[in-house]
Every structure is written in structure tokens, then in C-alpha cells.
Amino acid sequence: MLAPYTKTTFGELPARVAARFGNREGLVFGDQRYTFAEMATRIDRTAKGLMAVGVQPGDKVGLWLLNQPEWLDLMFAIAKIGAVLVPINTRFRTRDLEYVLTQSDCAYLICHDVSGPIDYMQMVRAIVPLPAVGTKITDPDRQEMRAVITVSNERHAGTIAWLDLLADANNIKDDALIARAAAVDPDDPVFFMYTSGTTGFPKGAVHTHNLLRLIVFRAKHMAMSENDVILNYLPLFHLFGFSEGALMSMVSGAKQVLTATFDADECIQLAEREGATLMHGFETHLKEMVEAQQRHQGDLSSLRTGIFAAGMQSAVPILKRALEAFPTMRTVSGFGMSEVGVGVTFGALDDNLSRRLESSGGPIDGHEVRVIDPDTGRDQPIGVPGELLVKGYSIMQGYYKKPEETAKCYDTDGWFHTGDTASMREDGYIRFLGRYKDMLKVGGENVDPMETEGLLLDHPAVHQVAIVSLPDPQLTEVPIAFVEKVPGTDATAEDIIAYCRGKVASFKIPRHVQFVEDWPMTASGKIRKMNLRTTAKELFL
């Protein structure tokens, strides 16, 4: 049974879970297996190594790694010594990386040298002036940056090698680590979570250790215990994987089965082999998992629950298929974002089918929600879409070094404006409908693109679809559909448009259809519609 929440820090979690479940497996990654006791030892050694190379309380430490055990070691070690973790999207390249390193005032960058086809060191050298002698960066244009640490068995000139960092840990006494950890306050910033960037350059949402209160609540709400097994294929640099995998495992004693990246076929096999009881994700993950299960027909009867974003019309048919493919799994819906914590609304394990498919849960303890007309500021009636507003303890302290952007998010009554569209249900739950900026204005009519997306996903030739706006001189905007076809099908653009006729209002039907094979994606697995809007203008204007 989970202990009641008491104010604590991320850095205290490994020792606490090791004291209760030290001999139980806490992490599986490929052929590597670690007990919670072994994880706590690794984390302390990493913390001492970071102290030895000069990491100070309050230092910002960028972490640019794919999922791997060292990510978890660093996540908790950085927190334990009072520094601030800055997770960096592994899809970022030089321009994105330079922006985050500069904007966050990173003192250290920890990264791969090479991973698969990606040469991380080549990109680092393009933007960070590594020293010719030693490892200390002294460039006047990067006064905050002190060193680059490479997680590799190789040594690279101008960087601190991972093996050397771990060896240097021997120079730090236990008492010194204990003293550093004791000085950390739960109200201190512990990580910056940069937004996914669906609406422009990412901003760093500042969170404190107090986010653990939300994690403990969610763990209890999902009846988590040390007998659970979390299949975590979500990137740890994204809040979903960070919280529902890494933090949830540490607060509950559940085993985490971690993958480097998401591969649906691998995940189905891992879920069967390890007896996974929980898996989480977005509709894109769930869709691929269903297809992989249809191919493999694995025994996944151990699955009991998982958090999947629901409410959006486009997600309903996918969730229905998932409930058929994974009949023992009772999905839970919720709403969250980088700024407000992983989930400020949440469903329940015993929710009925309507709530599972067509809602995003209700406000959790300590939080309130409203849905307003953004033009008038008044609350919307039940069922009428508007902007979702949130209040609660898990909301970020603000965007790092962006006071104006932070101020714009709050009204005079302290409500945080999410920029997302939702509606209130009769039962007190909300229904998330999408980004408010994704809504179309067609001849004076508000159009939710997800309604038509959900319709088109029922077309036998449609594998994936996204609808965006295109400026129009007469109607202000018109819908454009980007469609990925099911392999082997030969539907035409006219076939797709004709399928919509008679099923939805004419102003909701796409004006044009563009077939695609690849999608611009955010780290969290969402289609980057901003990019598609740009493409639509290039193609059709």
C-alpha cells in the first residue's frame, strides 16, 4: 500500500523505495536488470560524480539522451544534489539545441557521442566551443556553460568522459552527499520541461519537487503497488514518460520496463514477456500497439490499465479498437500539459464506456477547471466548447526567463489559460477537444477538425489523418486534409472528399486532400499541425 504523501524531494525517492523493496526488480532495459537497491547505489555514485566535476546547487544540467538506465541515474542524482534538470528532446538539432542551452542557462550538457546514425558530438562541436586542453569551457559568449559530459565508453577531447565522472565519485565522501541532499528544499525548482513546440519555439516550464504530490495521488487513484509492471516506451525527456514511468515506479515500487524508443512490435513482445500491467500513451501509440497485437496475438492478459488521452473525436475509434485488442485493460483518461503537470483531470478505473471514450476525466483533488468563451470570459454552458482554464498546486512556477509570456497565461483571478479547447459534461468531467489554435473558422462557423478526422479514420483506406486550416478570401479559412493511406490501397483525393458528403456539414468537408507518407511529429507523438499549415499554404495558395 502506498504511504500518504509527505513533502519530499525527487532525490529522496531512490533510498525510500530501496528501503521498502530493495530486492525487487525496479528496472528492465534490454538485457539489463536492476533491483531498487542497485538503482539507489547507481544514483548515489552518479550524484557524487556530478559533485566531483563541479555541479553546484541551482546549476542547470541539460540531458540530451535517449531512454537508458543512465537517464534515470542522472534524473535523480541531479535532483539529489540540488541542481536543475533540463531534459532535451533527442530530435533537436543544432538550432534547437543552441536555443535551449542558451535560454535555460545550462552549465553542463550531458549527451551521447554517437547513437545509431546520429552524431551528437558533431552537433555539440558546431555550437559549443570545446577547449583544446582540459574540459573547462571558457568562451566569453557562453559564460554559463562550464563543461560537456559524454555518456560513452570512449573519451572525446574537450569533454568529461562518463567513466572518469564515475571514477571521480570516489573522491566525494558519503557525508558530503548527505549534506548536499539535506539542503534541498521541496519548493526548489527541480526541472524545466520544455513545451513540445506545436505552436512555436519551446518554453521552459519550471516545476518544483512538489509535483510528487500529484504523482502520489495518481498512483493511489490507479491502485498502484509493487506488484505492477510499467511498460514505458515514452521518451523520458517528455513529461508523460518522465512522470508515469520514472516517478511512478519510484513512488509505488512498480517495476519499470524501459525501451530506448517506441517500437510497437518490440513493446508487444516485452509486455508479454515481462507481464506488463500498465502502459500509457497517445492515440498514435495505441493505434500502432493495436496493429502490432493483431500481428503477434501475444498473451497480454496481465494488462490492467493505462492512461490514454481521450475525448477527442479522432481518438474514439482508436480507443474502441484498443478495448477489443486488450480486453483486460481498463483505460483511464486525463488531461495534462507541460505547464500544469502531467494530469490535472483524471478518470477512474471503474468509469463507464462513455467516460473512457469521450471524456478527459474530472479535476483531481487540489485543482479546479473552467471552460469559458474566450471572447467574453464567461463560463460556457454544458457541452459548448470553449477554452479550458485550470487552477491548482501542480501548475508551473512560470516559464524560465519569460515573465511576459508567463503573465499572459494567467488572468486576474489566478486562472491558468491552457490555450486548449474543451467542453464540460453533465457528469462533471471535461472533454478535451484539441488546441484552441487548431479550431477552424469557416464562413463564421467554428469547426473542430477532430470531428472530421474521426470520421475519416473509419475509411478503410485511411491509416492516419490530420486536418488543418488554409486561409480563404471568402470563408476566412477552409479545411485541408493530410492523409496517410493504408499500404496497398488506392483511394483518391475525390474518394476521401466523397466519403464525407452526407455525413458532416459541407463546411467541415476538406477542400483539398494531400497524401503523405511521413508526419512532422512532436516528442510526445503528436502531429505538428503548425508544419502542416505551412505545407498547405505552399501547396494550395
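Taken together, the values in this text are just the output of simple stated rules run on the coordinates, not laboratory data. Every value quoted in this text rests on a predicted model; they were computed, and no experiment measured them. Glycine gets a Cβ as well: all are built from the backbone with ideal geometry, and neighbour counts include every protein chain shown.
Sequence neighbours fewer than 8 away in the same chain don't count; with that in mind, list the aspartates and glutamates whose C-alpha is under 15 Å from Lys287. In chain and number order, the partners are Asp263, Asp265, Glu266, Glu324, Glu453, Asp458, Glu484.
As a ratio to 2.2 N^0.38 Å, the alpha-carbon radius of gyration computed for region 1-121 takes the value 1.15. Computed from Cα positions, the angle between helix 36-52 and the longest principal axis of the chain comes to roughly 70 degrees. Rg/Rh for region 439-540 (Cα atoms only, Rh after Kirkwood) is 0.94.
Available extension along the chain between Glu484 and Asn227 is 88.5 nm, counting 0.36 nm per residue and deducting the alpha carbon span.
For region 57-141, the square roots of the Cα gyration tensor eigenvalues, ordered a ≥ b ≥ c, give a/c of at least 1.5 with a/b no greater than b/c, which places it in the oblate category. Calculated on the alpha-carbon coordinates, the convex hull of the chain measures out at 159 cubic angstrom per residue. What's the angle, to the nearest 10 degrees (0 to 90), between helix 529-540's Cα axis and the longest principal axis of the chain? It is inclined by approximately 50 degrees. Taking Cβ atoms as reference points and 14 Å as the exclusive limit, the residues near Ala491 contribute a net charge of -4, counting Lys and Arg as +1 and Asp and Glu as -1. The convex hull drawn around the Cα atoms of region 339-379, when projected onto a plane and averaged over every direction, covers 4.2 nm². Could you give the angle, 0 to 90 degrees to the nearest 10, between helix 316-325's Cα long axis and the longest principal axis of the Cα atoms of the chain? Tilt of helix 316-325: around 60 degrees. For region 78-165, the set of trypsin sites (Lys or Arg not before Pro) satisfying both a DSSP loop assignment and a count of at most 15 other C-beta atoms within 10 Å is given as Arg91, Arg93, Lys136, Arg155. Summing Cβ point charges (Lys, Arg +1; Asp, Glu -1) relative to the Cα centre of region 62-143 gives a dipole of roughly 40 debye. Stokes-Einstein, applied to the Kirkwood radius of region 33-194 over Cα pairs at a viscosity of 1.306 mPa s and 10 °C, places its translational diffusion at 100 µm² s⁻¹. Distance check, please: which entries in Lys220/Lys320; Lys80/Lys529; Lys255/Lys401; Lys173/Lys203; Lys320/Lys529 exceed 28 angstrom between their Cα atoms? Beyond 28 Å: Lys80/Lys529; Lys255/Lys401; Lys173/Lys203. Note: relative contact order over region 33-194, using C-alpha pairs below 8 Å and six or more positions apart, is 29 percent.
Multiplying each eigenvalue of the alpha-carbon gyration tensor of region 209-338 by 5 and taking the square root yields semi-axes of 22, 17, 13 Å, largest first, rounded to whole angstroms.
In the structure shown, the pairs Lys136/Lys402; Lys437/Lys526; Lys408/Lys441; Lys437/Lys508 are assessed against 20 Å; a Cα-Cα span above that value is assigned to Lys136/Lys402; Lys408/Lys441.
Put simply, region 158-222 fits an ellipsoid with semi-axes of 30, 22, 12 Å; these come from the alpha carbon gyration tensor as the roots of five times its eigenvalues, largest first.
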